[in-house]
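S.K.: Mind having a look at this structure? Questions to follow.
Derivation of every value follows stated rules applied to the coordinates shown; laboratory data play no part. Fair warning: this is a prediction, and the values are worked out from it, not measured in the lab. All Cβ positions, even for glycine, are placed from backbone atoms using ideal geometry, and neighbour counts span all protein chains on display.
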Amino acid sequence: MKKYNFLAIILLVIALASCKNDGIYGVRDAVATDAITVDNATFYERYPFTTTSVSAGGKIEIRLKLADGSPRTIKEITRVAASSVNRAINPTAVQVATGLYNTAPISASGKSVTFTTTVAEYLTKKSLTSLPLNGTAFYDLQFIFMITLDNGDTIIPLETRVRPSA
């Protein structure tokens, strides 16, 4: 009997000693070192949102910021895509050369860059005459960006939505 107890204890010690965290565990957060956030987001739902007032001119400003811990800097916003009102948009929209909202790169220096447009420009580029209403509120405008860093890496952050108000 002592022999079996001794073997059980030895097996238990071996089993516990073999357990270690080797960093290969498959389910974990994949937090990017070079994460891009929307610095002027007024609120978040699933995506960052900024707001604009149509009656005040409809200026749209989206400030994209690279994480402070990143050793990189932002070189430019390489491409900008925008969806038609209330249409889905995804990262492939900025990976193509056609149908882009903005084709000219927007230069940056440092850890942030600002994209600026207006509701009027959005309507012109999306061939709309006015912003459609969802009941009593306007539909959200959706933008997605391709950002190039100083080392040539590209990042496509989450889409940013703009919620216009009257």
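S.K.: Would you mention how many residues in region 97-151 are assigned to a strand (DSSP E or B), under 24 Å from Lys75 (Cβ atoms) and aromatic (Phe, Trp, Tyr)?
M.R.: Looking only at that region, the number is 3.
S.K.: Among residues belonging to region 151-166 that are among the β-branched types (Val, Ile, Thr) and more than 24 Å from Ala120 (Cα to Cα), point out the one that is surrounded by the fewest Cβ atoms within 10 Å (Cβ to Cβ). Steps first, answer last, please.
M.R.: Quick first cut of region 151-166, residues among the β-branched types (Val, Ile, Thr) only: 154-156, 160, 162.
Filter once more, so that each one left must be more than 24 Å from Ala120 (Cα to Cα): 154-156.
On the way: Thr154: 13, Ile155: 18, Ile156: 19.
Selected residue: Thr154.
S.K.: Does Tyr44 meet the test of being loosely packed, with under 14 Cβ neighbours inside 10 Å and under 14 Å from Glu159 (Cα atoms)?
M.R.: Criteria met by Tyr44.
S.K.: For region 34-79, how many residues are basic (Lys, Arg), more than 17 Å from Thr117 (Cβ to Cβ), touching a residue at least 60 places away in the same chain (Cβ under 8 Å) and assigned to a strand (DSSP E or B)?
M.R.: Of the residues in region 34-79, 1 are basic (Lys, Arg), more than 17 Å from Thr117 (Cβ to Cβ), touching a residue at least 60 places away in the same chain (Cβ under 8 Å) and assigned to a strand (DSSP E or B).
S.K.: When region 80-107 is examined, which residues are found to be among the aliphatic types (A, V, I, L, M), closer than 18 Å to Ile60 by Cα and without any contact (Cβ under 8 Å) to a residue 60 or more places away in the chain?
M.R.: Those that are among the aliphatic types (A, V, I, L, M), closer than 18 Å to Ile60 by Cα and without any contact (Cβ under 8 Å) to a residue 60 or more places away in the chain: Val85, Leu100, Ala104, Ile106.
S.K.: Tell me which residues, restricted to region 77-126, are surrounded by 12 or more Cβ atoms within 10 Å (Cβ to Cβ), among the charged types (D, E, K, R) and more than 16 Å from Val54 (Cβ to Cβ). If you could, list the steps in order and put the result at the bottom.
M.R.: As a first pass, look at region 77-126 and keep what is surrounded by 12 or more Cβ atoms within 10 Å (Cβ to Cβ): 77-86, 89-91, 93-95, 100-102, 105-106, 108, 111-115, 117-123, 125-126.
With the extra rule that they be among the charged types (D, E, K, R), the set shrinks to 79, 111, 121, 125-126.
Residues satisfying the conditions are Arg79, Lys111, Lys125.
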